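J.: Take this structure first; my questions come after.
The values are calculated or read from the model by the stated rules, or taken from the named source; none is laboratory data. For clarity, every value in this text was computed on a predicted model and none was experimentally measured. All Cβ positions, even for glycine, are placed from backbone atoms using ideal geometry, and neighbour counts span all protein chains on display. These accessible areas exclude ligands, DNA and RNA; they are computed on the full protein's heavy atoms, side chains included. Shrake-Rupley method; radii C 1.70, N 1.55, O 1.52, S 1.80 Å.
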Amino acid sequence: MTVDFQKPGGFASLTTTTPKTDSIPLGKVLRGLSERLDTETPVSIDETLDLFLEEHERYANATRIASLSSPHALKSWAAERLPAMGISYGFSNRINEQEVQANLDERAPLKLVEFADELCLLASYCRDVVDLKIEASPHSAGLAFQFVFHGKLKAEERALIEDVSVQCLLNEGSRDNCLRKRVFATEDRIEAECIALRKKMRLGFSPVF
């Protein structure tokens with residue numbers, strides 16, 4: 001399967017700056033937090049959050065993403081999105097074509113891209129990101145994707161925003177049996193894992209990892 005990496009907003013790109021008929025807004029976690037702060041604590045609003053979200057507002061091309069496998073969708077997303085945000089990254093893929101074909105799923109690629117974009121936004125807003133390492137590998141339940149953002153918090157108050165955002169990200173879609181997600185934040189990094197489950201693993205039960 002060949003994947004062409006397009007410029008954001010191009011005919012075959014995964015993300016756009018303006019919504020289209022099949023567009024899915026990215027960054028829903030931070031956007032929801034911003035709206036909550038506007039309502040609950042308007043006096044203490046950090047205006048930089050709204051400015052950050054406005055600068056990096058993007059929409060996912062759901063049709064284009066659904067036409068790709070999960071590894072190809074994530075790699076294409078990274079090629080489009082991360083350079084535009086000034087994030088240096090490495091992508092390591094240990095998933096072979098046979099494993100890709102065995103795990104084709106119309107839902108998982110979009111869910112994975114949404115998860116990755118949420119991580120990217122909250123890490124970029126809360127930390128001075130030095131680099132990002134992404135690794136894709138086979139998993140007994142499907143396909144596993146690891147993310148490691150290296151970088152320390154920009155300010156003490158960003159720690160609370162990061163904690164709340166991570167919890168919201170984990171809670172979002174908690175009843176969705178398509179992905180399994182883990183996120184760990186330490187002093188100098190954010191580590192995350194997302195497992196895209198095979199369809200047969202999702203039928204009738206939700207495996208615990």
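J.: What residue, of E162, E187, is over 30 Å from Q101 (Cα atoms) and assigned to a loop (DSSP other than H, G, I, E, B)?
T.: E187
J.: Out of all the residues in segment 160-175, which are open to solvent by 30 Å² or more (accessible area, probe 1.4 Å) and touching a helix residue (DSSP H, G or I) at 6+ places or on another chain (Cβ under 9 Å)?
T.: V164, C168, E172, G173
J.: Among the residues of segment 1-52, write down those that are aromatic (F, W, Y) and at pLDDT 85 or above.
T.: Answer for segment 1-52, where residues must be aromatic (F, W, Y) and at pLDDT 85 or above: just F52.
J.: Of the conditions (1) at pLDDT below 95; (2) of a type in the set (K, R); (3) part of a strand (DSSP E or B), K111 satisfies every one except a single condition; which number is it?
T.: Only one criterion in (1) at pLDDT below 95; (2) of a type in the set (K, R); (3) part of a strand (DSSP E or B) is unmet by K111, namely (3).
J.: Something else about it: How many of the residues making up segment 89-106 are surrounded by fewer than 18 Cβ atoms within 10 Å (Cβ to Cβ) and either among the aromatic types (F, W, Y) or touching a helix residue (DSSP H, G or I) at 6+ places or on another chain (Cβ under 8 Å) (or both)?
T.: Result for segment 89-106: 3.
J.: Can you name the number of the only condition in (1) without any contact (Cβ under 8 Å) to a residue 40 or more places away in the chain; (2) in a helix (DSSP H, G or I) that L104 fails?
T.: That leaves (2) as the condition not met.
J.: Oh, and also: List the residue pairs whose Cβ atoms are under 6 Å apart, where the first residue sits in segment 67-96 and is over 23 Å from H139 (Cβ atoms), the second is surrounded by fewer than 15 Cβ atoms within 10 Å (Cβ to Cβ) and modelled with pLDDT of 95 or more, and the two are 6 or more positions apart or on different chains.
T.: Close Cβ pairs satisfying both conditions: S88/D131.
J.: Within segment 119-145, track down each residue that is open to solvent by 10 Å² or more (accessible area, probe 1.4 Å) and of a type outside the set (G, A, S).
T.: The answer is D128, V129, V130, D131, K133, E135, P138, H139.
J.: Follow-up question, since we're still on this one. Among the residues in segment 66-88, are any hydroxyl-bearing (S, T, Y), surrounded by 20 or more Cβ atoms within 10 Å (Cβ to Cβ) and in a loop (DSSP other than H, G, I, E, B)?
T.: yes
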